[in-house]
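For reference, the structure discussed in these notes is given below.
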Amino acid sequence: MKLTDTQIKFYKDQGYLIVENIFSKEEINTLKESAKIFEELKFSPNVICEKNGSIRSVFSPNNKVDSYDWLCKQKRLVEPARQLIGNDVYMYQFKLNNKKALSDECWEWHQDFPYWHLDDGVRFPDMVSIMILFQDTTILHGALLFIPKSHKDGVVDFEEKKHLQIRKNENKKNNLINSLNNDLKYTVKKDLIISNEENIAVGEGGIGTCIFFHPNLFHASNSNLSPIDRNTAIITYNDIENLPSNQDRPDFLCSRNYDAIKFEEREINSER
Ligand code: SIN
Ligand code: MN
């Protein structure tokens, strides 16, 4: 799938692009079904749980489940990523984010690039993330919220979190992974969200919709007070010439496989 010039221009100007119907309902249902295996793998380091025990995120699901390996190599994702970045890409990070029905789990306002730049040593924001909606998603389900054009400001000031500063001094390793729970390490200074109040947009869409977003876009998401689970996959591609210089974080957070992705033409296989 190739993006049109108008779509590319829109992304560059707004910092996001929503494209509906990239994946079929059948494909998404196969992906959802195959994610059930992670319930049995809750104690793996790449599976992050909420305090109530439900799964918040699964990192690198492609290493365990074939249908996720299939997903991240799809031409429908890789070709637009190449167009938006302007070079060959490799997969930097892949995560599944779940929000249980009727729960108060949320994501604070943040940019993604500070983690990749400050913690992993990636120089340029020549990256793109793609969120794939696993069900019809509205604001009621805790859809992605974002501020269009906020990617143009580069990395902005963080909200100071004193309790995280104390933890940082205590344990470097914990500091590198504590961005995974609902107390994010780098959050956008509240004043910047307040001054953009009028501009907040919602990433709503039907099952199989993809939201492409820039690593510096301010984004967040609310709790899911609807009676159905909100599940999503977020795949980040990076320019093959923009490699990280630090290897402190585990490779399920910052991939060490820098090979340019080759498209996979086969159909999704629910058996593997
Ligand atoms: C994220 O910012 O990585 C997650 C946002 C979400 O799952 O709503
Ligand atoms: Mn994010």
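The values are calculated or read from the model by the stated rules, or taken from the named source; none is laboratory data. Treat the numbers as computed from the prediction; the structure is a model and nothing was measured. Methodologically, a virtual Cβ is constructed for each residue, glycine included, from the backbone with ideal geometry; neighbour enumeration extends over all protein chains shown.
Per-structure values
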read-out: Residue count, region 42-59 (criterion: surrounded by 13 or more Cβ atoms within 10 Å (Cβ to Cβ) and in contact with a strand residue (DSSP E or B) (Cβ under 8 Å, 6 or more places away or on another chain)); value: 12
read-out: When residues of region 1-15 are limited to those that are assigned to a loop (DSSP other than H, G, I, E, B) and of a type in the set (A, V, I, L, M, F, W, C), the one surrounded by the fewest Cβ atoms within 10 Å (Cβ to Cβ); value: Met1
read-out: Any hit, region 229-239, residues being at pLDDT below 95 and away from ligand 2 (no atom under 16 Å from the Cβ); value: no
read-out: Region 103-117: number of residues that are away from ligand 1 (no atom under 12 Å from the Cβ) and at pLDDT below 95; value: 2
read-out: Top-ranked residue of region 119-152 - restricted to ones that are hydrophobic (A, V, I, L, M, F, W, C), within 13 Å of ligand 1 (Cβ to nearest atom) and farther than 21 Å from Asn216 by Cα, ranked as surrounded by the most Cβ atoms within 10 Å (Cβ to Cβ); value: Phe134
read-out: Residue list for region 95-140, filter: within 14 Å of ligand 2 (Cβ to nearest atom), in a strand (DSSP E or B) and not basic (Lys, Arg); value: Leu96, Asn97, Trp107, Glu108, Trp109, His110, Met127, Val128, Ser129, Ile130, Met131
read-out: Filter result (surrounded by 14 or more Cβ atoms within 10 Å (Cβ to Cβ) and small (Gly, Ala, Ser)) within region 179-205; value: Ser179, Ala201, Gly203, Gly205
